[in-house]
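Following: one structure in structure tokens, then a few remarks.
Where a number appears in this text, it was derived from the coordinates with a stated rule and is not lab data. Because the structure is predicted, anything quoted here is derived from the model rather than measured. Cβ placement follows ideal geometry from the backbone for every residue including glycine, while neighbour counts extend to all protein chains displayed.
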Amino acid sequence: MKALAQEIHDLKKQKQSVILAHYYEEGDIQDIADHVGDSLFLAQMGQKSKAPVVLLAGVYFMAESVKILSPQKTVLVPDLAAGCSLVEHSPVHKYLQWREQHPDALCMTYINSSAAVKSISDVICTSSNAEKILAGIPKKRRVLFGPDYNLGRYLAKKLDREMILWPGSCEVHVLFSARKLFELRQQYPEAPVIAHPECVDAVLEHADVIGSTSRLLEEVKNNPARQFIVATESGIFHQMKKLRPDAELIQAPAEGSCACNECPYMKLNTLEKIKAALLNLKPQVTLDEDLRRRAQIPLDRMMTLTQGGVVEWPQSFVAPHRDALLV
Ligand code: 13P
Ligand code: SF4
């Protein structure tokens with residue numbers, strides 16, 4: 001394993017590349033990455049990095065977001081099949097139909113979506129900036145939110161805002177069991193429950209802290225509790241253990257006895273595939289330039305609002321590239 005890590009290190013230098021990894025990757029991948037983080041951080045680092053080649057060890061939409069923001073860079077993924085159930089649950093022709101039913105509304109779309117869906121959205125968010133982005137949308141405008149229903153419902157409740165929600169979900173987070181979590185709480189009464197907002201409402205109701213992967217890590221780092229019940233993907237335990245070797249991390253239970261707290265897409269990536277991608281400079285993310293430019297607009301709005309800036313909003317929805325999307 002050491003030799004492979006060294007080979008990747010050498011190749012990375014040779015190819016003038018930077019490796020970005022999500023917290024849900026296996027520990028060995030997180031350890032060879034230049035930067036490890038949540039979706040927002042990875043998009044920001046991909047944009048900021050001076051390296052002409054970015055390898056994103058995460059899922060495809062994360063790499064696609066880097067390419068949308070930095071078209072001049074070569075963006076590599078270890079495995080093209082690393083998708084996301086939220087992307088699958090939001091095919092562009094259906095999302096477009098939904099948008100066209102509400103032309104006066106503003107459409108806020110989770111970053112876990114395809115470039116095509118982004119291109120017909122007004123603003124993008126991640127779980128770490130979603131509240132800020134929603135607060136930045138004028139109160140008088142109706143809001144469509146997709147494709148994660150659970151995050152949307154959580155936001156609508158938290159900010160007391162009426163939202164029209166798309167019915168998509170994360171196949172990993174919806175499997176946590178509220179019933180079993182309730183039982184586990186009796187067993188560990190001192191342990192705070194920390195949960196990702198992609199979990200269903202009944203699970204979130206048991207949570208003491210709800211937030212993005214980076215917010216959950218911050219909680220483990222700063223909360224003096226010695227035990228935590230964690231309702232998110234298990235890859236994050238790698239960093240949590242590093243930050244708090246003294247703490248007991250208890251995985252929130254799923255219904256049944258499957259290892260369903262693992263994202264099968266994130267886990268497609270391996271060190272071997274990372275080495276091969278750097279060596280061959282493929283697979284690469286490629287995008288039609290017109291689609292990319294359109295998808296960049298809502299991502300740029302997200303970045304501006306995240307930094308506290310002000311954006312302009314369209315009065316109504318039009319998709320001049322409608323025909324191209326429907327082919
Ligand atoms: P974060 O943005 O919180 O890292 O979440 C990404 C994700 O895919 C969660 O399932
Ligand atoms: Fe998508 Fe869920 Fe995997 Fe996150 S954990 S990448 S939302 S399938």
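State yes or no: is residue 295 buried (at least 19 other Cβ atoms within 10 Å of the Cβ), small (Gly, Ala, Ser), touching a helix residue (DSSP H, G or I) at 6+ places or on another chain (Cβ under 6 Å) and under 25 Å from residue 73 (Cα atoms)? Taking the combined requirement at face value, the residue satisfies it. Among residues of segment 209-230 being of a type in the set (A, V, I, L, M, F, W, C) and over 18 Å from residue 155 (Cα atoms), the one that is farthest from the chain's Cα centre (by Cα) is 225.
Within segment 90-119, residues that are over 20 Å from residue 156 (Cβ atoms) have Cβ atoms under 6 Å from residues that are within 15 Å of ligand 1 (Cβ to nearest atom) and among the charged types (D, E, K, R) in these pairs: 115/64, counting only partners at least 6 apart in sequence or on another chain. Reported count of residues in segment 219-254, each being exposed (fewer than 15 other Cβ atoms within 10 Å of the Cβ) and in a helix (DSSP H, G or I), is 5.
From the residues in segment 172-201 that are more than 16 Å from ligand 2 (Cβ to nearest atom), touching a residue at least 60 places away in the same chain (Cβ under 8 Å) and assigned to a loop (DSSP other than H, G, I, E, B), which one is surrounded by the most Cβ atoms within 10 Å (Cβ to Cβ)? Filtering segment 172-201 for residues that are more than 16 Å from ligand 2 (Cβ to nearest atom), touching a residue at least 60 places away in the same chain (Cβ under 8 Å) and assigned to a loop (DSSP other than H, G, I, E, B), the one surrounded by the most Cβ atoms within 10 Å (Cβ to Cβ) comes out as 177. Among the criteria (1) assigned to a helix (DSSP H, G or I); (2) surrounded by fewer than 20 Cβ atoms within 10 Å (Cβ to Cβ); (3) more than 16 Å from ligand 1 (Cβ to nearest atom), the one residue 131 does not fulfil is (3). The set of residues in segment 62-93 being within 17 Å of residue 107 (Cβ to Cβ) and assigned to a loop (DSSP other than H, G, I, E, B) consists of 89, 90, 91.
Residue check: is residue 7 within 16 Å of ligand 2 (Cβ to nearest atom) and of a type in the set (D, E, K, R)?
Working: within 16 Å of ligand 2 (Cβ to nearest atom): no; of a type in the set (D, E, K, R): yes.
The answer is no for residue 7.
The set of residues in segment 88-119 that are within 16 Å of ligand 2 (Cβ to nearest atom), of a type outside the set (Phe, Trp, Tyr) and either buried (at least 21 other Cβ atoms within 10 Å of the Cβ) or under 20 Å from residue 301 (Cβ atoms) (or both) comprises 89, 90, 109, 111, 112, 113, 114, 115, 117, 118. Name the residue that is farthest from ligand 1 (Cβ to nearest atom), counting only residues in segment 51-88 that are among the hydroxyl-bearing types (Ser, Thr, Tyr) and in contact (Cβ under 8 Å) with a residue 60 or more places away in the chain. Here the residue is 74.
The residues of segment 301-327 that are closer than 22 Å to residue 41 by Cα, of a type outside the set (A, V, I, L, M) and crowded, with 17+ Cβ neighbours inside 10 Å, listed by number, are 301, 306.
In segment 156-171, the qualifying residues are those that are surrounded by 14 or more Cβ atoms within 10 Å (Cβ to Cβ) and under 26 Å from residue 260 (Cβ atoms), and the one that is farthest from ligand 2 (Cβ to nearest atom) is 165. Does segment 258-285 hold any residues that are over 21 Å from residue 85 (Cα atoms) and without any contact (Cβ under 8 Å) to a residue 60 or more places away in the chain, and which are they? Scanning segment 258-285 gives a single hit, 280.
Within the set 221, 180, 158, the sole residue that is on the phi < 0 side of the Ramachandran plot and in contact with a Pro (Cβ under 7 Å, 6 or more places away or on another chain) turns out to be 180.
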